[in-house]
Amino acid sequence: MAEDDAKKRRGKAGSTADEPQQPVVLGELLRVPPGARVDLSRHDPSATPAGPPDKPAGLTATARMVPRLADLQERLYAAATAGDRRRLLLVLQGMDTSGKGGTLKHVVGVFNPAGCRIKAFKAPTQEELGQTFLWRVERALPHPGEIGIFDRSHYEDVLIARVRELVPRERLVRRYQEINHFESTLAEDGVTLVKVFLHIGFEEQRRRLLARIDNPDKHWKFDPADIEERRLWPAYQEAYEIALERCSTQAAPWFVVPSDHKWYRNWAVSRLLLEHLEAMDPRFPPGGFDAAQCREWLLGGA
């Protein structure tokens, strides 16, 4: 029984030691299928689907992905110099303490910052409130060859806006449609969207908030308003379920990443990025010069 549980934990239930192990495509495992009904209570936030068996193995596996991720980023950036318009956008959403900042530090931190465009979306400014809700998002999109990262995103306008009843429900319905059209247009223009919902449990959030209160060095990360938001947990879970259901499309699917274990969260997001970048398969462009002739000139004293 213990052996069966271990196999299931790694996402390989039903296999035996004598059978060849097929590599698991994590994106297929964590993806929300278009049109699927979403019930977050059935997604265990402490699970580690298809992941390494424990934290030490997870840290090692994540570190092993770094050289390949860095190489693919360089290829993507280089390809843009020859006119390739493709770029990647990682969207991070989740409840408070779910690890958006930690993901930026431990996963996105492996990339060359010159090729990244990071945007943390806070409460809209007065200028932004005077525009359409997608206006500030469009201004923060990655350029060709870049990897963009959104810490929160345009989904705030169908999450907190729904929970706090900031806009009429009929306008919310239109916003889901506008988001799908917007993301479809991005995909057609060469943007690969990786939308990740960092799924943590109610009790895990309590532990993380208490850790911030108990450590004076972390007080800057705590706001008493977080407790008030926590009281709205059921409403936020429902808002996320609706957003995941209505806005997980073929062009821009959502991925639900269990995030109670920080090491698994970092491994999973790294793996999702690796799978998408490898599928993009960016190539170094050929040089527009005669390499042999240039070499000869340099050796000749030029």
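Out of the total accessible area of the chain (probe 1.4 Å, heavy atoms of protein only), what percent is carbon and sulfur?
53
Of (1) 25.0, 93; (2) 18.7, 56; (3) 21.5, 75, which is the value of Rg and Dmax of the Cα atoms in Å derived from the coordinates here?
(3)
How much accessible area per residue does region 132-223 have, in Å², with a 1.4 Å probe?
Spelled out: the 1.4 Å probe surface of region 132-223, per residue, equals 49 Å².
Any chance you could give the angle, 0 to 90 degrees and rounded to 10, that helix 233-247 forms with the longest Cα principal axis of the chain?
40
How about LYS100: which aspartates and glutamates have a C-alpha closer than 12 Å to its C-alpha, ignoring those fewer than 8 places off in the same chain?
Cross-link targets: ASP151.
Using packing as a proxy for protection, rank 49-59, 248-258, 31-41 so that the peptide with the highest average count of other Cβ atoms within 10 Å comes first.
Averaged packing, sorted descending, gives the order 248-258, 49-59, 31-41.
Tell me which aspartates and glutamates have Cα within less than 16 Å of LYS55's Cα, excluding those fewer than 8 residues away on the same chain?
ASP260
Name the residue from LEU210, MET280, PRO49 whose Cα lies farthest towards the positive end of the charge dipole of the chain, charges +1 on Cβ of Lys and Arg and -1 on Cβ of Asp and Glu.
So the residue we want is LEU210.
With both partners inside the chain, how many of the DSSP beta bridges are antiparallel, as a percent to the nearest 5?
5
Find how many whole Å separate the alpha carbon centroid of region 285-302 from the alpha carbon centroid of region 177-220.
The distance from the Cα centre of region 177-220 to that of region 285-302 comes to 48 Å.
Counting heavy atoms of the protein chains only and a 1.4 Å probe, report the per residue accessible area for region 61-107 as a whole number of Å².
41
Could you size up the charge dipole of the chain around its Cα centre, putting +1 on the beta carbon of Lys and Arg and -1 on that of Asp and Glu, and report it in debye to the nearest 20?
380
Among rounded, prolate and oblate, which fits region 99-213 when a ≥ b ≥ c are the square roots of the eigenvalues of its C-alpha gyration tensor, a/c under 1.5 means rounded, and a/b larger than b/c means prolate?
Here region 99-213 falls in the oblate category.
Hey, what number do you get for the chain at 222 nm if only DSSP H runs of n ≥ 4 count, each worth -39500 (n - 2.57), divided across all residues, to the nearest 500?
Calculated from helices alone, the mean residue ellipticity at 222 nm is -14500 deg cm²/dmol.
For LEU90, what residues show an amide H to amide H distance below 5 Å, using hydrogens built from the backbone and excluding near sequence neighbours?
Those lying under 5 Å, H to H, from LEU90 are GLY148, ILE149, PHE150, VAL194.
The values are calculated or read from the model by the stated rules, or taken from the named source; none is laboratory data. This is a predicted model, so every value here is computed, not measured. All Cβ positions, even for glycine, are placed from backbone atoms using ideal geometry, and neighbour counts span all protein chains on display. Areas reflect the complete protein model, heavy atoms only, side chains present, ligands, DNA and RNA absent. Shrake-Rupley method; radii C 1.70, N 1.55, O 1.52, S 1.80 Å.
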